[in-house]
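Some notes on the structure that comes next.
Just so it is clear, none of the values below were taken in a lab; they were calculated from the coordinates. Since the model is a prediction, treat every value here as computed from it, not as a measurement. All Cβ positions, glycine included, derive from the backbone under ideal geometry; neighbour counts span all protein chains shown.
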Amino acid sequence: MSDFKNECYELASKHVLCIEFVLSDTERLGFHTGQLLHYRLEPNSTEERDAPPEKLMLAFATADVLILGWKLSTLTNHLRDGDLLWVRSRPARYAGLDRSKTFVASITIAPPAKDAVSR
């Protein structure tokens, strides 16, 4: 686990029952891992300059979570393995400091979409 010390997420040493999304210093939202229906990692298709290159979409039974950032495949690996404890975003100006690490630029949580799986 070379990426264990990361400002954008923390891992547990055992299988976790809840994944927490830290939205601010005073706001956190957690979902039971049993609510996770599916997830998708894909390129972030946007025309914005300096926009995060990847997006990770998580579909829980009660909400959809959209994470934008860099090197998000590490998050999907930990999500799959059941040891992802919490995720939080950091200011985008720090994204290039260590290009070898996962960086989360934003987290958006919304009610579930009606057509969650399309393609």
>> If packing is taken as the average number of other Cβ atoms within 10 Å across a peptide's residues, how do 60-70, 90-100, 18-28 rank, most packed first?
In response: 60-70, 18-28, 90-100
> Ordered by residue, what ³J(HN,Hα) values in Hz, to whole numbers, does segment 11-24 give under the Karplus form 6.51 cos²θ - 1.76 cosθ + 1.60, where θ = phi - 60° and Gly and Pro are x?
Replying inline: 10, 9, 8, 9, 5, 9, 9, 9, 10, 10, 10, 8, 8, 6
> Where does each of K55, K114 land when they are ranked from fewest to most other beta-carbon atoms within 10 angstrom?
Replying inline: K114, K55
>> Counting only helical runs of four or more DSSP H residues, what would the 222 nm mean residue ellipticity of the chain come to if each run contributes -39,500 (n - 2.57) and the total is spread over all its residues?
In response: -2000 deg cm²/dmol
> What is the set of long-range amide H partners of E54 at a cut-off below 5 Å, with H atoms built 1.01 Å from backbone N?
Replying inline: N44, G69
> Ranking R80, R49 by Cβ neighbours within 10 Å, fewest first, what do you get?
Replying inline: R49, R80
>> With P(r) over Cα pairs in 10 Å bins from 0, in percent as the read-out, I listed [x] 15, 52, 30, 3, 0; [y] 12, 33, 31, 17, 6, 0; [z] 13, 48, 34, 6; which label goes with the value calculated from this structure?
In response: [z]
> How large is the dipole of the chain about the Cα centre if only Lys and Arg carry +1 and Asp and Glu carry -1, each at its Cβ, rounded to the nearest 20 debye?
Replying inline: 140 debye
